[in-house]
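Asks: Input: one structure, supplied below.
The values are calculated or read from the model by the stated rules, or taken from the named source; none is laboratory data. Just so you know, these numbers come straight off a predicted model, no measurement behind them. Glycine also receives a Cβ, built like all others from the backbone with ideal geometry; neighbour counts cover every protein chain displayed. Keep in mind that these areas ignore ligands, DNA and RNA; they rest on the heavy atoms of the full protein, side chains included. Shrake-Rupley method; radii C 1.70, N 1.55, O 1.52, S 1.80 Å.
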Amino acid sequence: MNPAFLLLPDFLLILLGFLLVRYTVLDKTVWESVEKLVYYVLFPALLFHSINQTYFDWGGTSNMLLVAAVAFFSAMGLSFAAKWIFKPSSMSWSSGFQTAFRFNSYIAFAAAGRLAGEEGVALMAITTGCFVPVANGFAVWALAKNSESHIFKELLKNPLIIATTLGLISNVLGLKLPEPIALSMSRLGAASIGLGLLTVGSGLMWIQSKKDGALIAYWSAIKLLAMPAVAIILGRYMGLSQGQLNSVVLFAAMPTATTAYVLANRMGGDGALVAVCISIMTIAAAVTLPLWLLLL
């Protein structure tokens, strides 16, 4: 399938969410509740179930995870440098820092499944299983420095970190859920993809000011261009299989996580700035993602 159309169903759901919140009775209040449901229940179920049920060939995927780590921490380092390059306010930097390296797992899982079926979902589960706790941890760290929140308390309360950690522990110990519970978790996880994409659309905002415009453009360029560029160059250099290369580049090329807005608001950060970052990156990704897939 043409890469331009591969992700079309996902972006159509995002567009539908955008239209629903503005032109129907399903207003912002409804979608804020849906977003909390996805964040606290449905997506943690997807993460736990995917990781728990996946066979992790750590030896066979070690190079893929190394490439993902280099791309991830390169983006984080470039994002951190914004503090000196642009000299933003402490609030702006601590809120937006996370947007250059966090990734939208809703789109990632949907795209991975469409690109490579069960194998793609399994590889994406391995990657996100390793980096969801890390990404959330650094995001909480930056926000905690600028608020009265305690970093370890916030980490222990984060549902994505909890679900990922429990999934990894249960997988390593060989613990499997009883079939009825596993099936329920699977259905909750499946619901998270569609609803998650709709909430991405419902959270898109029109850009109403040019405040911190250069800073947002910088973070967007890191996330959508620099991070996947590192992944594809290093992945080819290390001789990753096509499936692994597809997965790691897809992971790196995702727009930032919509949960970044939830986290920034909950920890007293600049939610408006993060919302604009999410909107710009998500819209721009409709162009950049097919281009990266075309290069693959």
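Asks: For region 227-244, how many residues meet the condition of being of a type in the set (A, V, I, L, M) and open to solvent by 20 Å² or more (accessible area, probe 1.4 Å)?
Replies: Residues in region 227-244 being of a type in the set (A, V, I, L, M) and open to solvent by 20 Å² or more (accessible area, probe 1.4 Å): 6 in total.
Asks: Does region 75-88 contain any residue that is open to solvent by 10 Å² or more (accessible area, probe 1.4 Å), closer than 20 Å to PHE138 by Cα and in contact with a Leu (Cβ under 7 Å, 6 or more places away or on another chain)?
Replies: For region 75-88, residues open to solvent by 10 Å² or more (accessible area, probe 1.4 Å), closer than 20 Å to PHE138 by Cα and in contact with a Leu (Cβ under 7 Å, 6 or more places away or on another chain): present.
Asks: Is it fair to say TYR55 is in a helix (DSSP H, G or I) and of a type in the set (Ser, Thr, Tyr)?
Replies: For TYR55, the condition - in a helix (DSSP H, G or I) and of a type in the set (Ser, Thr, Tyr) - is not met.
Asks: Filter region 106-118 down to the residues that are touching a residue at least 24 places away in the same chain (Cβ under 8 Å) and either open to solvent by 10 Å² or more (accessible area, probe 1.4 Å) or of a type in the set (Phe, Trp, Tyr) (or both) and list them by number.
Replies: Within region 106-118, TYR106, PHE109, ALA110, ARG114, LEU115, ALA116 qualify.
Asks: Could you list, in sequence order, the residues of region 83-103 that are farther than 18 Å from ASN265 by Cα and at pLDDT 95 or above?
Replies: The answer is PHE101, and nothing else.
Asks: Go over the candidates ALA45, ALA68 one by one and state the one that is assigned to a helix (DSSP H, G or I) and either surrounded by fewer than 23 Cβ atoms within 10 Å (Cβ to Cβ) or out of contact with any Cys (no Cβ under 8 Å at 6 or more places or on another chain) (or both).
Replies: ALA45
Asks: I'm told GLY269 meets every condition in (1) more than 19 Å from SER89 (Cβ to Cβ); (2) in a loop (DSSP other than H, G, I, E, B); (3) open to solvent by less than 30 Å² (accessible area, probe 1.4 Å) except one. Can you identify the failing condition by its number?
Replies: (1)
Asks: Search region 256-296 for residues being of a type in the set (Ser, Thr, Tyr) and modelled with pLDDT under 85, and hand back the single one that is farthest from PHE131 (Cα to Cα).
Replies: Here the answer is SER279.
Asks: State yes or no: is GLY17 of a type in the set (Gly, Ala, Ser), in a helix (DSSP H, G or I) and modelled with pLDDT of 90 or more?
Replies: no
Asks: Something else about it: Taking ALA191 as the residue in question, decide whether it is of a type outside the set (S, T, N, Q), surrounded by fewer than 20 Cβ atoms within 10 Å (Cβ to Cβ) and at pLDDT 90 or above.
Replies: No: the conditions fail for ALA191.
Asks: Can you name the number of the only condition in (1) free of Cβ contacts under 8 Å to residues at least 40 places away in the same chain; (2) over 19 Å from the mean Cα position of the chain (by Cα); (3) under 22 Å from THR127 (Cα atoms) that ALA229 fails?
Replies: Status for ALA229: all satisfied but (2).
Asks: Taking ALA135 as meeting all but one of (1) at pLDDT 90 or above; (2) open to solvent by less than 10 Å² (accessible area, probe 1.4 Å); (3) more than 15 Å from THR164 (Cα to Cα), write down the number of the exception.
Replies: For ALA135, the failing item is (3).
Asks: Please enumerate the residues belonging to region 241-266 that are in contact with a helix residue (DSSP H, G or I) (Cβ under 6 Å, 6 or more places away or on another chain) and either part of a loop (DSSP other than H, G, I, E, B) or of a type in the set (Asp, Glu) (or both).
Replies: MET254, PRO255, THR256, THR258 - these are the residues of region 241-266 that are in contact with a helix residue (DSSP H, G or I) (Cβ under 6 Å, 6 or more places away or on another chain) and either part of a loop (DSSP other than H, G, I, E, B) or of a type in the set (Asp, Glu) (or both).
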